[in-house]
Amino acid sequence: MPELTEWLFERSVALRIPLSVHVDLTMRCNERCIHCYRVIEQRPELTTQELKGLLDDVARAGTLYLTFSGGEVFLRKDLFELVEHARRLHFDVRLKSNALLVTPEKAARLRTLGVRQVDISIYSADPAVHDRVTKIPGSLERSLQGAVMLRDAGVTVKLNCPLMKQNVGQYKDIRALAERLGILCGFDPMITAKNDGDRSPIALRISPKELRTVLQDPTLNPSCGTPAAASAPDGARSDLDEVPCGAGHNACYISAYGDVMPCVAMPIACGNVRDEPFAEIWHRSPEMLRVRAIRIRDLHTCSSCAASPFCSRCPGQALVETGDLYGPSPANCEHALARAQVAGSAVIPASMLRAPTASTRRPVEHSID
Amino acid sequence: MPEQYLARNSRTAWRVYDGEAVILLAEDSTLNTLNAVGTLIWEGADGKTPVSSLVGRICTEFDVEPVQAERDVTAFVDKLSQRGLLNVSASPHEPR
């Protein structure tokens, strides 16, 4: 992390500022991706006026980085009204979209409004593979047309590609495609369960062998080839008093229905902006305070894990996978093991050495049912 | 010296934390931080407030001599203009 970014992260944690807020504008989507973790509910989505009021509140709370996502954001007829309002409040605005509905006019407007980046979901450079994931024939071609329109308008574009069984062999072609188009790209091998706890998307995850192959590619894993990070043989960690991640400290998620959660990956409803102001939920919700109180030393297995230098544990992932916010995420442990192996280290994640016993497990304080 | 007006680049995002501005430029995603005096100038860079007025506020709020304040503001504005964060004009205008 660059020095100034790190300083801002630490300062926002210390000042309890929700520096990064992710707002889902809608759960409606014009694609039907096989791995999608969104769940459409019967409740009404936030209206234009409710969202504008929310943005006012979030600006007052000090948020700088604002992500509009969904669902497909361009399905909101008021998208530009909301982006304009957000930019008037001096937010850094980033959109996540499939770009199917982008036109040259819309792209130019986003540029004029000062949107910093649009992330576009792409699953393959091969239309047959991509369209099989989205279940929409012709979607790759249209998404790439949208990407080019945005690029030509001067908006920074990044192709985001979750890696799963269906497309893991395609990532080099996607990277070549991005280079040819002169835009950014990124890959994520973590497929998550649905927000309602449905674990069916997890079956799409790539195998440990495929993961090791991906991690051995230095262009995808910049730390590949560098000496293994030092870890104490007994798993003693020097970061026991640090926070596990930014969720609830300087990061926050607000659903299309107004639910406030510590992070998009941590489905713990802390309150709803239709019932109480955002600041009240952020500063005083018991659920938010409970998440905010967690330190590395409170993690019953990870706090003594020798593989921690190779791990980017996600508490939300742990919660969704096991129901235990304080425990390891099996998927993160698998990734840590693969990273360690690729780095030439023999360490094994603590969760794989011994099963947690009743006496070492903390009670499950959050569940997603 | 002719009057000048400062306007923030419309492609910046920014917040003030504990009296210090943090600015992000969309073009290159770079972060910039300003001290309290710089933050006063940044917040006043609305395209309508004359620089002389900002210099006056700095003299009052930070107990600085006008000559020194004017010199500091000129150097600061040059630096932020070079970074593409501020635009300087000879007449007031509404920010885009």
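The values are calculated or read from the model by the stated rules, or taken from the named source; none is laboratory data. Note that this is a predicted model, so its numbers are computed, not measured. Cβ sites come from the backbone with ideal geometry, for glycine too, and all protein chains shown count toward neighbours. In case anyone asks, the SASA skips ligands and DNA or RNA and just uses the protein heavy atoms, side chains included. Shrake-Rupley method; radii C 1.70, N 1.55, O 1.52, S 1.80 Å.
Please find, within the stretch B:57-84, the residue that is farthest from B:Q4 (Cα to Cα) out of those that are surrounded by 14 or more Cβ atoms within 10 Å (Cβ to Cβ) and either among the small types (G, A, S) or in contact with a Ser or Thr (Cβ under 6 Å, 6 or more places away or on another chain) (or both). The selected residue is B:G84.
Screening the candidates B:V16, B:V55 for the property of being out of contact with any Phe, Trp or Tyr (no Cβ under 7 Å at 6 or more places or on another chain) and outside any helix (DSSP H, G or I) yields one hit, B:V16. Considering every residue within the stretch A:109-129, establish whether at least one is farther than 30 Å from B:N9 by Cβ, more than 14 Å from chain B (Cβ to nearest Cβ), in contact with a Cys (Cβ under 9 Å, 6 or more places away or on another chain) and of a type in the set (D, E, K, R). So far as the stretch A:109-129 goes, no, none of its residues is farther than 30 Å from B:N9 by Cβ, more than 14 Å from chain B (Cβ to nearest Cβ), in contact with a Cys (Cβ under 9 Å, 6 or more places away or on another chain) and of a type in the set (D, E, K, R). Of the residues making up the stretch A:66-93, those that are within 14 Å of chain B (Cβ to nearest Cβ), surrounded by 21 or more Cβ atoms within 10 Å (Cβ to Cβ) and either β-branched (V, I, T) or within 20 Å of the chain's Cα centre (by Cα) (or both) number 6. Each residue in the stretch A:169-213 was checked for being part of a helix (DSSP H, G or I), open to solvent by 20 Å² or more (accessible area, probe 1.4 Å) and aliphatic (A, V, I, L, M), and 5 of them qualify. Set side by side, the residues B:L31, B:L6, B:L24, B:L80 differ, and just one is closer than 28 Å to A:V83 by Cβ, among the aliphatic types (A, V, I, L, M), within 12 Å of the chain's Cα centre (by Cα) and in a strand (DSSP E or B), which is B:L6. Among the criteria (1) more than 14 Å from every other protein chain (Cβ to nearest Cβ); (2) out of contact with any strand residue (DSSP E or B) (no Cβ under 9 Å at 6 or more places or on another chain), the one A:N98 does not fulfil is (2). Scanning the stretch A:50-65 for residues that are open to solvent by 10 Å² or more (accessible area, probe 1.4 Å) and within 28 Å of A:R32 (Cβ to Cβ) returns a single hit, A:E50. Looking only at the stretch A:101-137, filter to residues that are small (G, A, S) and under 22 Å from A:F91 (Cα atoms); which one of those is surrounded by the fewest Cβ atoms within 10 Å (Cβ to Cβ)? The extreme case among them is A:A108. Can you pull out every residue in the stretch A:238-267 that is more than 27 Å from A:P309 (Cα to Cα) and part of a loop (DSSP other than H, G, I, E, B)? Within the stretch A:238-267, A:S255, A:A256, A:Y257, A:G258 meet the criteria. Restricting attention to the stretch A:14-49, the residues that are within 14 Å of another protein chain (Cβ to nearest Cβ) and either open to solvent by 70 Å² or more (accessible area, probe 1.4 Å) or within 22 Å of B:N35 (Cβ to Cβ) (or both) total 5.
If you go through the stretch B:1-45 and pick out every residue that is open to solvent by 40 Å² or more (accessible area, probe 1.4 Å) and facing another protein chain (nearest Cβ under 10 Å), you end up with 9.
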